[in-house]
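Following: one structure in structure tokens, then a few remarks.
Here, each number is a calculation from the coordinates, and none is a lab measurement. Keep in mind that this is a model prediction, so the values were computed, not measured. Note that each Cβ is placed from the backbone with ideal geometry, even for glycine, and that neighbours are counted across all protein chains shown.
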Amino acid sequence: MPDPSLIHMPIHMPIHMIDLIRKKRDRGTLSEAEIGFLVRGAASESIPPEQLSAWLMAAWLNGLQLDEIRALTVAMRDSGAKFDPSRLGKVAVDKHSTGGVGDKTSFLVAPIAAACGVAVPMISGRALGHTGGTLDKLEAIPGYRTALSLDEFEAVLQKCGASIVSQTPALVPADRVLYALRDRTGTVESPGLICASILSKKLAAGLDALVLDVKTGSGAFLRRREDAEYLAALMVATAEAAGTRTVALLTDMGQPLGSAAGNWIELMESVDLMRGQRPESLSKKPGSVTGHDFSRAVNAAKSTRALAPEGEALRPLSPLQQAPTGNEDLRQLSLILAGWMIYLGGQADSPEAGSSRAEQALTNGSALEVFLAMVAAQGGDIAAFDDPEFHKPGATQVVEAWESGYIAAMDTTMLGWAVQRTGAGREKVGLPVDPHAGIVFHARRGAHIEKGQPLATIYATSQALLSEPIALLKQAIAFSDAAPEAVPLVSTVFTQNEAEAFLNRLL
Ligand code: URA
């Protein structure tokens, strides 16, 4: 006979990682306690990488339920120390993208929003899959430190209004471990895992508000529009439930954003924009990017006039930036995203008004000032931005168009892999990346170009690393006789109501 006093005692069965792998493999739903166990084990590295990887693959294949995603996000957020931005005396707002090729908007929106009175505590990531990482790009600046202590993070924010740092063993350690494993195990493209990874970092920064840039199209982790919409709704609803005001913009990743994709070359493209350097044709031709058809943010796009006032002499472009079609998409998207940040940060009455303020900060030099102050405060040598000798790739090759016609389509994921294979990305966790590697694209989707015209310049670590990117580039770009349809830069905006209505329709 069992002892009757034991029958009603709560039994705390120990949790075993092998059971959690089998449960997800068999399409089960993990409880909050099980998710907590897994996340604590990832953060403390007490669960071995092979078991975490097996679970990640099961989650990738079988998906995660809404409750699991919420529990994973919160447990990852709570896996380490948190930042308290209340001492900054400003509304704390950030922007995060779901990952793209040539996506360097962080370098623009963080200083722009800070210059407009918003605090921007940004915890970013490294290269993931075919996409580049904000931290890898920043570390191309000699001396720039991304792993700051929380006190140092606060000091930079107090001084400059913006700071871009990495997760550390103290800050969101679970994401540091899981992110690196996902990168190496083909488990990146999962809405639930992306949501938890991004939001854990953003919520640990104690943000008041968040602007999400959810990519869709051939270079996005979730290429199909309906998947990107689900991710946008999921992230907005999850962040709002955790108390952070959040909006998500669905934006085009059907081609690289701007002209450069790599490390140093992306920073230089951003600095050039903040210095007011644009191809002359664009400085006189406002609105030269594809039309936007999204409802509320459309006016913000309309307010993006030419950067330089009429008649003002433009500074000469750096050689990297002399792409004939320029980077108007990058400039416009940055102003739209920054406009939302400024609006949610209480420094403008609407996203459109925020966008106008953002444009002022870009044109009057105040964004550049914040950016340079932030780089210097984090140990970076800002003299490198004025040193034409600094960019020293191991090997350079111009790729010419192999036929004449319109650039009809780009497989931007393949272009992203081409960029990574120049040496700009890493083959194994922890390996360094080549700061000088990457690709500058000289023509954009919809451009008509002649055979023999330069299509891209490849900067690789060595001659041996030129052939794979060239082969990938040739596979990734398709020509046609007719101009392709223009694709809007921003197609949809999800706020809390839209996100919840979207998710309710799925239930
Ligand atoms: N950015 C992140 O931080 N995590 C992801 O999973 C994807 C993009």
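Please sort 481-494, 158-171 by packing, taking for each peptide the average over its residues of neighbouring beta carbons within 10 angstrom, highest first.
The most tightly packed comes first, giving 158-171, 481-494.
Starting with the fewest neighbours, write out Phe153, Phe479 ranked by other beta-carbon atoms found within 10 Å of each beta-carbon.
Phe479, Phe153
Order by neighbour count: Met17, Met76, fewest other Cβ atoms within 10 Å first, most last.
Met17, Met76
Can you tell me what share of the DSSP beta bridges in the chain is antiparallel? A percent to the nearest 5 is fine.
Antiparallel bridges make up about 55 percent of those DSSP assigns within the chain.
Rounded, prolate or oblate for region 395-480? Axes are the square roots of the Cα gyration tensor eigenvalues, ordered a ≥ b ≥ c, and the cut-off for rounded is a/c under 1.5.
Prolate, because a/c is 1.5 or more and a/b exceeds b/c.
Which distance in nm do the two modelled labels at Ala447 and Arg22 give, with both placed 7 Å along the Cα-to-Cβ direction?
5.7
Could you pull out every one of the lysines with an alpha carbon less than 16 Å from that of Lys451, ignoring same-chain neighbours closer than 8 positions?
Counting by Cα, and skipping residues close in sequence, Lys451 has these lysines nearby: Lys474.
Label points 7 Å out from Cα along the Cβ direction at Asp67 and Trp402: separation in nm?
If labels sit at Asp67 and Trp402, their model points lie 5.3 nm apart.
According to the Kirkwood expression over distinct Cα-Cα pairs, how big is the hydrodynamic radius of region 12-63, in Å?
For region 12-63, the Kirkwood estimate is 11.0 Å.
Could you sort 239-246, 471-478 so that the peptide with the highest average Cβ count within 10 Å comes first and the rest follow in order?
Result, highest mean Cβ count within 10 Å first: 239-246, 471-478.
Just to confirm the number: angle between the C-alpha axis of helix 496-506 and the first principal axis of the chain, 0 to 90 degrees, nearest 10?
Long axis of 496-506 versus the principal axis of the chain: about 60 degrees.
Determine by what factor the alpha-carbon radius of gyration of the chain differs from 2.2 N^0.38 Å, reporting the quotient.
With N residues counted in the chain, Rg over 2.2 N^0.38 Å equals 0.97.
Kindly put His130, His391 in sequence by how many other C-beta atoms sit within 10 Å of each C-beta, fewest to most.
His391, His130
Can you tally the net charge around Leu52? Count Lys and Arg as +1, Asp and Glu as -1, for every other residue whose Cβ sits under 10 Å from the Cβ of Leu52.
-1
Rounding to the nearest 10 and keeping the result within 0 to 90°, find how far the Cα-based axis of helix 49-62 lies from the longest principal axis of the chain.
80
When Lys and Arg each count +1 and Asp and Glu each count -1, what net charge do the other residues less than 10 Å away from Gly117, Cβ to Cβ, add up to?
Result for the local shell: +2.
Under the Karplus relation 6.51 cos²θ - 1.76 cosθ + 1.60, θ = phi - 60°, what is the ordered set of whole-Hz ³J(HN,Hα) values for region 216-229, x standing for Gly and Pro?
9, x, 5, x, 8, 4, 10, 6, 6, 4, 5, 6, 5, 5
Using the structure shown, list the pairs from Lys95/Lys159; Lys23/Lys95; Lys159/Lys201 with a Cα-Cα distance above 24 Å, or answer none.
Those over the limit are Lys23/Lys95.
Under a straight-distance cross-link criterion of Cα-Cα below 15 Å, which aspartates and glutamates are reachable from Lys215, leaving out those fewer than 8 residues away in the same chain?
Straight-line reach from Lys215, under 15 Å: Asp103, Glu189, Glu226, Asp227, Glu229, Asp252, Asp329, Asp411.
Go through 39-46, 105-112 and give me the packing order, highest mean Cβ count within 10 Å leading.
My ranking of the peptides, most packed first, is 105-112, 39-46.
For Ala162, which sequence-distant residues (separation of 5 or more, or a different chain) have an amide H within less than 5 Å of its own amide H, given hydrogens modelled in the peptide plane?
Val120
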